[in-house]
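FYI, it's all coordinate maths here, none of it is from the lab. It should be emphasised that the depicted structure is a prediction, and the values quoted were computed from it without experimental measurement. Please note: Cβ atoms are built from the backbone with ideal geometry, for glycine as well, and neighbour counts cover all protein chains shown.
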Amino acid sequence: MKIIHIVKTAAFPLEGGHSIRNHNIFKALNSKLSELLIVSSILTISKENLSRKKIFIKDTVAYKHMLSKRIYRYLRTIYKIPYINRPLQLILVYFNYRLIKKSVNIKNYDIIHGHSNHNNGLSAFLLSKNYKKPFIYDLHALSLDIYKKNSLKYLMAKKIETFLIRKADILITIDEELKEHIIDTFNKPSKVIFPAPNGIDSNLFKRDISLKNSDFIPKNKFIIGIDNSKALENFDFIFNNHSELVKSYPDIFFVVFGNEDKSLKLDLNYFKLLPKIKYDEMPKYYSLLNLFIIPRFRNKMSETITPLKILELMSCEIPVLVSDVKGLTECIKDGETGFVFKLEDDIDGLKEVLSQILKFKNIENIGKQARKWVMLNKNWELTALNYLKAYKSLIN
């Protein structure tokens with residue numbers, strides 16, 4: 001089989017869930033297909049992409065960029081005019097489609113595989129329709145779930161995403177929960193939806209004690225990791241209640257992963273904000289921790305998507321304490337592979353479970369059990385096999 005993927009961007013070094021997930025799946029798929037080409041669209045204007053050749057190979061995966069210096073300069077100028085930004089997106093989708101059509105011999109490929117967001121899905125749909133090829137739409141998330149309801153972004157996303165979901169020959173979803181959500185919302189037949197959950201490279205994500213705690217954090221503290229990279233991670237839940245937490249548990253200390261926020265006034269007696277860390281160095285920093293708290297709030301995204309973060313931590317043998325949203329509890333057997341608290345119980349619920357954890361004997365065994373579960377159930381080879389099932393259902 002020969003497959004062409006249309007993706008938002010090819011980010012190297014790997015950054016963010018989309019590029020990490022995609023590249024690891026592409027690596028696993030590459031040896032299983034007769035040809036695999038990844039086309040990175042113009043829909044994300046990345047300066048890094050201009051520093052590479054039009055076609056470049058990374059870990060045996062072939063990437064082809066549509067972005068050029070001329071297009072980059074043009075888009076940088078146009079994007080400064082906010083009133084035309086939204087309508088411009090649809091024009092760029094068509095332009096992206098024409099560029100791919102001109103640059104790639106689409107006739108050589110068996111399947112057109114477009115990845116969310118919906119702009120890349122539209123480019124892939126136009127190519128599939130023009131060349132009468134099967135069309136797969138790969139949903140990392142529903143775009144409309146991240147926009148404010150009744151906003152222009154939400155209304156456009158809902159219309160376009162509904163169109164793509166109904167037109168796709170096959171849908172790939174990031175989790176079983178997202179599949180069920182799509183069946184309920186869009187009335188799409190179950191047989192044409194293939195869940196392909198996130199995986200993990202457990203050879204990279206393993207316990208690594210090469211960093212010394214004393215270089216970063218106080219001695220003789222119970223070190224808890226927390227993420228502030230996006231609102232969904234609910235960092236404010238910890239930050240706003242940290243006085244109560246440290247009053248009850250004076251030996252705890254928080255290490256903050258994610259975005260540097262200069263406006264954030266952290267008490268350095270209880271918080272350490274880490275600088276941006278390279279993806280392949282994350283295991284070193286995870287291994288400084290005794291526990292990681294993921295208090296995601298409840299919404300469609302947190303209930304239908306299991307993030308990479310929890311798999312990375314579990315693979316590194318770090319015990320995790322998570323809120324009771326499906327995207328997290330899917331990985332956790334409470335008291336065996338991690339711990340769960342009820343969001344509805346607010347900070348008192350978290351404190352109750354944290355109190356149990358601090359008294360827990362041999363908490364290291366929780367981390368070891370977590371790694372065993374991840375290695376059995378979550379790896380990129382398994383995810384790639386789900387992609388192959390979807391392809392074979394179209395070709396056979």
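Computed quantities for the displayed model
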| read-out | value |
| --- | --- |
| Length-normalised contact order for the chain - Cα pairs under 8 Å, 6+ apart - percent | 14 percent |
| Estimated 222 nm signal from helices in the chain, with DSSP H stretches of n ≥ 4 weighted -39500 (n - 2.57), rounded to 500 | -12500 deg cm²/dmol |
| Greater than 29 Å apart at Cα, pairs in LYS278/LYS389; LYS221/LYS342; LYS276/LYS392; LYS69/LYS206 | LYS278/LYS389; LYS276/LYS392; LYS69/LYS206 |
| Nearest 10 degrees, 0 to 90: helix 380-395 Cα axis against the chain principal axis | 30 degrees |
| Mean Cβ count within 10 Å, highest first, over the residues of peptides 273-280, 350-357, 205-212 | 350-357, 205-212, 273-280 |
| Subset of LYS247/LYS359; LYS64/LYS107; LYS133/LYS300 violating a 21 Å alpha-carbon distance limit | LYS133/LYS300 |
| Three-way shape call for the stretch 213-377 based on the alpha-carbon gyration tensor, with the a/c threshold at 1.5 | rounded |
| Amide H contacts of ASP208 (H built 1.01 Å from N, under 5 Å, at least 5 apart or other chain) | SER287 |
| 16 Å cut-off, amide nitrogen to a point 7 angstrom out along ASN240 Cα→Cβ, residues in the stretch 285-312 | 295-299 |
| Charge dipole magnitude, Cβ of K and R +1, D and E -1 - the chain, Cα centre, debye nearest 20 | 2380 debye |
| Point-to-point label distance, GLU352-ASP280, nm (Cα→Cβ direction, 7 Å offset) | 4.6 nm |
| Anisotropy class of the stretch 300-366 from Cα gyration tensor, a/c 1.5 cut | oblate |
| Among 309-318, 296-305, the order from most to least packed when residues are scored by Cβ within 10 Å on average | 309-318, 296-305 |
| Karplus-derived HN-Hα couplings along the stretch 93-104 (A = 6.51, B = -1.76, C = 1.60, θ = phi - 60°), whole Hz, x at Gly and Pro | 4, 5, 5, 4, 4, 5, 5, 5, 4, 6, 8, 10 |
| Amide H contacts under 5 Å for ASP138, placed H, 5+ residues apart | GLY114, HIS115, SER116, ILE172 |
| In Hz, Karplus ³J(HN,Hα) per residue of the stretch 163-172 (6.51, -1.76, 1.60; θ = phi - 60°; x = Gly, Pro) | 4, 5, 4, 6, 7, 5, 5, 9, 10, 10 |
| Residues with amide H under 5 Å from that of ASP227, placed H, sequence gap 5 or more | PHE257 |
| Efficiency of FRET between ASP345 and MET375 - r from beta-carbon atoms, R0 41 angstrom, step 0.05 | 0.80 |
